[in-house]
Amino acid sequence: MSADLPEGFAPFKLAMGFLAANGPLYGKWDGTHLLMGFRVEPRHCNPGMVAHGGMMATFADMLLPIASRFQAKTDMGFLPTVNLACDFLSPARLGAWVEGKAEVVRMTRNLLFAQGVATADGEPCLRANGIFKITKPMQGVTPDFSVKSLFDFP
């Protein structure tokens with residue numbers, strides 16, 4: 001199922017730990033925003049055969065800081081989650097393409113505030129807000145989060 005991607009999306013190359021078990025995620029740079037998405041597979045679903053709220057929250061927890069990092073055009077190091085709030089607007093059914101877009105709301109010296117919306121096959125399914133701790137980049141420890149290093153865009 002996951003091979004059926006919308007035009008311009010490329011695999012997210014950082015697949016370690018928790019994300020390796022819950023991905024794959026995909027990204028597309030539209031010139032101003034990093035769009036991220038995934039295809040709802042059976043392993044993402046609850047018994048109702050829609051994406052589990054935990055999967056949708058995981059997606060939001062990846063979308064908000066990663067997209068914000070690209071849009072802010074600055075290296076913020078790793079962005080651990082301080083707070084994440086999700087509103088589940090409608091189900092993302094098995095086989096649906098879930099696509100999210102995020103915005104930086106505010107950045108302080110220590111915190112990033114972001115919000116985003118995701119759709120399932122074009123219909124709004126998730127709204128999320130998050131606060132993330134800005135850390136210093138650690139040479140050789142923190143992965144390179146540049147667009148080129150994380151995605152092989154066509």
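Coordinate-derived values only; no laboratory data. Quick caveat: nothing in here was measured; it's all calculated off a predicted structure. As a convention, Cβ positions derive from the backbone with ideal geometry for all residues, glycine included, and neighbour counts pool all protein chains shown.
The string of couplings for region 112-128 from the Karplus curve (6.51, -1.76, 1.60, θ = phi - 60°) is 10, 10, 9, 9, x, 9, 10, 10, 10, 6, x, 9, x, 10, 8, 10, 9 Hz, one whole number per residue in order, with x for Gly and Pro.
Here the mean projected area of the convex hull built on the C-alpha positions of region 64-105 is 4.1 nm². Relative to the longest principal axis of the C-alpha atoms of the chain, give the angle of the C-alpha long axis of helix 53-72, reported between 0 and 90° and rounded to the nearest 10°. Once rounded, the angle reads 40 degrees. Modelled spin-label separation between N110 and H33, with each label point placed 7 Å from Cα along the Cα-to-Cβ direction: 3.1 nm.
Its DSSP H runs of at least 4 residues, each contributing -39,500 (n - 2.57), put the calculated 222 nm mean residue ellipticity of the chain at -5500 deg cm²/dmol, to the nearest 500. Based on every Cα atom in region 1-74, Rg and the maximum pairwise Cα distance Dmax equal 12.7, 41 Å.
Write down Rg/Rh for the chain, rounded to two decimals, with Rg from the C-alpha atoms and Rh from the Kirkwood relation over Cα pairs. A ratio of 0.94. Couplings 3J(HN,Hα) for region 22-30, derived from phi with the Karplus relation 6.51 cos²θ - 1.76 cosθ + 1.60 (θ = phi - 60°), are 10, x, x, 10, 10, x, 8, 8, 9 Hz, where x marks Gly and Pro.
Bridging of K13 to aspartates and glutamates at a Cα separation below 15 Å is possible for D144, D152, once same-chain residues fewer than 8 apart are set aside.
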